[in-house]
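Student: Just passing along the structure, written as structure tokens.
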Amino acid sequence: MHQYLFFIGDFPIRAYGLILSLSIILATGTAYFLAKQDGRWHEHVVDIGIYGGLSGIVGARLWDVFFFDWDYYQHHLLEIPFVWQGGMAIQGGILFGFLAGYIYTKRHHIDTWAFADIIAPAIIMGQSIGRMANLLNGDAFGHPTGGPFGIIYPATTLAYQVYGDKPLWPAEIWEGQIDIIIFVLLLLFRTTNHAKGQVFILYAILYSIARFFLEFLRGDYGTLLLGLKSAQLTSLALIIIGSIFFVWCGLKQKSQPSEPKKQKGKK
């Protein structure tokens, strides 16, 4: 586990920033492949990847600052832009990234929900790679396992500053692995006769379920309400709202008359 890969003079090249950038690049590349395979809008994927990636970084940072670490940052306002220190909340990144994509698709007359269905697997794949960055940076860590098993982080990490040399649950590792499972499930669901919007909604539901339970192992921040953490409350809301919209999209598709299949002409 290396927070700093090398130095250029006194400037550190952090594994966190490198892997985070790689997650955006590879997610964009995967989205391009999926859109190219689908035959629609692949020429817009790189632009959306840039806008969505930058917006996602801003959203992830602000979400972490105001929902998770405001007790610290209210006294260190100048450190809010220091994203290389870690502290990025994926839920804020998804929200801001989606808003950027929504604005882009509307301006370019692209069907927003159809496009979201195409690229949803790419988003969760990027999240999985992003959790590698968390591991290398020593953040998004778990709480102590209470036994001799778990991850012991280096002394330079936030995890060590909080818990010392106690073994911690590998929360960020397990989340990255679960994200890969969700990635495969979304690819399989795309092959079914799903309604428009259901792939992206399913992505939100599955990730929220995983995040809700994994939060019981997280040890980098405390509870907010009813013994639940802020990410759990957000996840619960997404599970409920997403499930309603998932069913609604399916019922809406069934209520619409199906188009007759076009007959192929003889050569």
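Values quoted throughout were computed directly from the atomic coordinates according to the rules given, and no laboratory measurement underlies them. This is a predicted model, so every value here is computed, not measured. Glycine also receives a Cβ, built like all others from the backbone with ideal geometry; neighbour counts cover every protein chain displayed.
Student: If you put +1 on each Lys and Arg Cβ and -1 on each Asp and Glu Cβ, how big is the dipole of the chain around its Cα centre, in Debye rounded to 20?
Tutor: Approximately 1640 debye in magnitude.
Student: Based only on Cα atoms, what mean projected area does the convex hull of region 1-58 have, in nm²? Don't skip to the end; give the middle numbers.
Tutor: Values: hull surface 20.8 nm².
Mean projected area for region 1-58: 5.2 nm², to one decimal.
Student: Excluding same-chain residues fewer than 8 positions from K36, which aspartates and glutamates have a Cα within less than 15 Å of its Cα?
Tutor: Output for K36: D47, D117.
Student: Please compute the Cα-Cα pair-distance distribution of the chain with 5 Å bins starting at 0, giving whole percents from short to long.
Tutor: With 5 Å bins starting at 0, P(r) equals 1, 6, 11, 16, 18, 16, 12, 8, 5, 3, 2, 1, 1, 0, 0, 0.
Student: How high is the FRET efficiency from H2 to K106, r the C-beta distance, R0 45 Å, rounded to 0.05?
Tutor: Efficiency, from the Cβ-Cβ distance: 0.60.
Student: Only four residue types carry charge here, +1 at the Cβ of Lys and Arg and -1 at the Cβ of Asp and Glu. Report the dipole size of region 126-267 about the Cα centre in Debye, rounded to the nearest 20.
Tutor: On the way: 14 positive and 8 negative charges, 286 e Å.
Dipole about the Cα centre, nearest 20: 1380 debye.
Student: I would also like to ask the following. What does the convex hull of the alpha-carbon atoms of region 140-229 project to on average, in nm²? List each step's numbers first, then the result.
Tutor: On the way: hull surface 29.8 nm².
For region 140-229, the mean projected area of the Cα convex hull comes to 7.4 nm².
Student: Taking H as built 1.01 Å from N, whose amide H comes closer than 5 Å to the amide H of G142, not counting residues under 5 places away?
Tutor: Here the answer is W169, A171, E172, G219, since their amide H atoms fall under 5 Å of that of G142.
Student: When the Kirkwood hydrodynamic radius is evaluated over all pairs of different C-alpha atoms of region 69-169, what value in angstrom, to one decimal, is obtained? Please list the in-between numbers first.
Tutor: On the way: mean 1/r = 0.0613 Å⁻¹.
It works out to 16.3 Å.
Student: Let me ask another. What order, most packed first, do the peptides 135-143, 14-22 have when packing is the mean number of other Cβ atoms within 10 Å of each residue?
Tutor: Highest to lowest by the protection proxy: 135-143, 14-22.
Student: Say the dipole of region 1-100 comes from +1 at the beta carbon of Lys and Arg and -1 at that of Asp and Glu; which of Y16, V45, Q3 then lies farthest toward its positive end?
Tutor: In region 1-100, that residue is V45.
Student: Beyond 24 Å, what share of the Cα-Cα pairs of region 108-267 is found? Please give it as a whole percent.
Tutor: 48
Student: Given the options A114, L186, A204, identify the residue whose Cα lies farthest towards the positive end of the charge dipole of the chain (+1 on Cβ of Lys, Arg; -1 on Cβ of Asp, Glu).
Tutor: The listed residue farthest towards the positive side: A114.
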